[in-house]
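See structure below.
We did not get these values from a lab; they are worked out from the coordinates using the rules stated. Note that the structure is a prediction, hence the values are computed from the model and not measured. Note: ideal-geometry Cβ built from the backbone for every residue, glycine included; neighbour counts use all protein chains shown.
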Amino acid sequence: MLTYLWIALGSALGGVARYALSMRVAETLGGTFPWGVLLVNVSGSFAIGLFATIAPADGRWALSPDARLFVTVGLCGGYTTFSSFSLQTLDLIRTGHAPAALGNVAGSVGLCLLAVWAGAAAGTLINPARAGL
């Protein structure tokens with residue numbers, strides 16, 4: 001049960017950091033391109049890659065499993081789930097499963113775009129006033 005609390009705490013902190021950074025970047029750069037989200041996704045991917053490399057389960061840094069989950073699943077996952085996707089894709093490449101990595105990228109992007117479209121279409125049926133947004 002304590003593991004879930006560590007993950008929840010990390011997720012809360014990561015989510016607040018994501019919102020704060022995204023809003024700050026939007027205020028600074030403005031415009032229609034989501035620079036804040038891009039920065040969050042890139043920095044979160046860097047952070048989880050760095051942490052997973054310097055503090056693996058069998059690595060030199062003797063961290064508890066809860067500490068690793070707090071950072072990877074909680075903090076980085078709350079900050080951006082794109083970081084988890086990126087690390088899992090890199091792991092597929094590193095273990096010689098490049099076709100699976102490519103499938104993960106294509107499937108995740110394609111299916112998520114399809115899912116967001118389907119969700120918006122379903123939402124339009126429920127609330128027609130929001131059509132086209």
Completion exercise
Counting sequence-distant residues (5 or more places) and residues on other chains, those with an amide H built under 5 Å from that of residue 63 are none
Problem - Ranked 126, 54, 48, criterion: other C-beta atoms within 10 Å, fewest first - result: 126, 54, 48
Completion exercise
Exposure-ranked with fewest Cβ neighbours within 10 Å first, 60, 24 stand as 60, 24
Handout entry: Footprinting exposure proxy for 79, 4 (fewest neighbouring C-beta atoms within 10 Å first)
Key = 4, 79
Practice task
Measure out, as a whole number of angstrom, how far apart the alpha-carbon centroids of region 1-15 and region 67-84 sit.
Solution key: 9 Å
Fill in the blank from the handout: Under the Karplus relation with 6.51, -1.76 and 1.60 and θ = phi - 60°, whole-Hz ³J(HN,Hα) for region 58-73, x at Gly and Pro, equal 10, x, 6, 7, 7, 9, 6, x, 5, 5, 5, 5, 4, 6, 6, 6
Problem - Full-stretch length increase - residue 108, residue 54 - with 0.36 nm per residue and alpha-carbon distance subtracted - result: 16.7 nm
Exercise for the section: Go ahead and set up a Gaussian network model of the chain, Cα springs under 10 Å, then flag whichever of 36, 110, 15 fluctuates most. Expected result: 110
Handout entry: Cα gyration tensor shape for region 2-96, rounded if a/c is under 1.5, else prolate or oblate
Key = oblate
Completion exercise
Computed from the beta carbon distance with a Förster radius of 35 Å, FRET efficiency for residue 88 and residue 4 to the nearest 0.05 stands at 0.95
Completion exercise
Along the dipole axis of the chain (charges at Cβ: +1 for Lys and Arg, -1 for Asp and Glu; origin at the Cα centre), the most positive-end residue among 4, 118, 98 is 118
